[in-house]
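A quick write-up on the structure given underneath.
Read-outs: derived from the displayed coordinates by stated rules, not from any lab. What you see is a predicted model; the values in this text were computed from it and never measured. Please note: Cβ atoms are built from the backbone with ideal geometry, for glycine as well, and neighbour counts cover all protein chains shown.
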Amino acid sequence: PRRQLQMNIDIICIGNIKEKYYTEAIKEYLKRLTPYSNVNIIELDEHKLPNKASNQQIEDGMEKEGEAILSKIGDRSYVIPLCIEGRQLNSKKFAGKIEDITLEGYSNITFIIGGSYGLSPQVKAKSNLKLSFSKMTFPHQLMRVILLEQIYRAFRILRNEPYHK
């Protein structure tokens, strides 16, 4: 049998989650992921913008968030920002990608979920793989739940364990 590698996963997120239904779902998936991976969620402050922010203010805010994100990425980490223009994978291909990353010698994956205006070009430039879950836009709080669920599903697929649909 193949040796099961212990993967470390960091999820860097802009903003925190106040809604109890999201925090409960996140807690549940973190608990389910415990046998498969060390998952560390790193919450960074969202740059506050005025209601009618100018394009320059938005760019400046994304740049400040980007600098904070870049400061949290480990040197030896495989970096996957979630962005609308990224590659779309089905769950099996996503699982295969996680397996490929470990076979390439990485033991750490960093996923990045940006704030309401997205990610700075500097963060996108640092990526090994830009990933998109949909052409639709989701609130970053919900995206965190969806990402954790897909990571959990990927580990179940990789270990040939059943997953209730």
Review point. To the nearest 20 debye, what charge dipole does segment 120-165 have about its Cα centre, counting +1 at the Cβ of each Lys and Arg and -1 at the Cβ of each Asp and Glu?
Key: 120 debye
Point to revise | Interchain or long-range residues, amide H under 5 Å from Lys130's placed H | key: Arg87
Review point. What is the set of long-range amide H partners of Asn40 at a cut-off below 5 Å, with H atoms built 1.01 Å from backbone N?
Key: Ile9, Asp10, Ile11
Exercise for review: Determine which lysines satisfy two conditions relative to Lys20: a Cα distance under 17 Å, and not lying fewer than 8 residues away in the same chain.
Suggested key: Lys31
Review point. Would you list Asp75, Asp10 from fewest to most Cβ contacts within 10 Å?
Key: Asp75, Asp10
Practice item. Place +1 on the Cβ of every Lys and Arg and -1 on the Cβ of every Asp and Glu in segment 17-165, take the dipole about the Cα centre, and give the residue among Gly61, Pro81, Ile101 whose Cα lies farthest towards its positive end. Key: Ile101
Review point. So for segment 7-158, taking the charge dipole from beta-carbon charges (+1 Lys/Arg, -1 Asp/Glu), which of Tyr117, Ser132, Pro50 sits furthest toward the positive end?
Key: Ser132
Practice item. For the chain, set up a Gaussian network in which alpha carbons nearer than 10 Å are linked by springs, and say which option among Lys18, Lys92, Lys27 fluctuates the most. Key: Lys18
Practice item. Just tell me, in residue order, which DSSP H segments of the chain are both 15 angstrom or longer along the helix axis (alpha-carbon based) and at least 0.5 in mean Kyte-Doolittle hydropathy. Key: 140-158
Check your understanding: Spin-label point model (7 Å from Cα, Cβ direction): what's the Asn16 to Ile146 distance in nm?
Key -> 2.5 nm
Review point. Who wins for biggest fluctuation among Asn38, Asn128, Asn51 in a Gaussian network model of the chain, springs between alpha carbons below 10 Å?
Key: Asn51
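With only Lys, Arg, Asp and Glu charged, each at its Cβ (+1 for the first two, -1 for the last two), find how big the charge dipole of the chain is about the Cα centre; round to the nearest 20 debye.
Working: 25 positive and 19 negative charges, 153 e Å.
Its charge dipole is roughly 740 debye.
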Review point. Between Ser120 and residues 5 or more places away or on another chain, which pairs have amide H atoms under 5 Å apart, with H built 1.01 Å from N, and which residues are they?
Key: Gly66
Exercise for review: Could you work out which residue, out of Ile151, Ile12, Ile58, moves most in a Gaussian network model of the chain, that is, has the largest mean-square fluctuation with Cα springs under 10 Å?
Suggested key: Ile58
Exercise for review: Filter the cross-link list Lys48/Lys135; Lys92/Lys135; Lys93/Lys130; Lys18/Lys93 down to pairs whose alpha-carbon distance in this structure exceeds 22 Å.
Suggested key: Lys48/Lys135; Lys18/Lys93
Point to revise | Lys64-Asn90 FRET efficiency (beta carbon distance; Förster radius 35 Å; 0.05 resolution) | key: 0.50
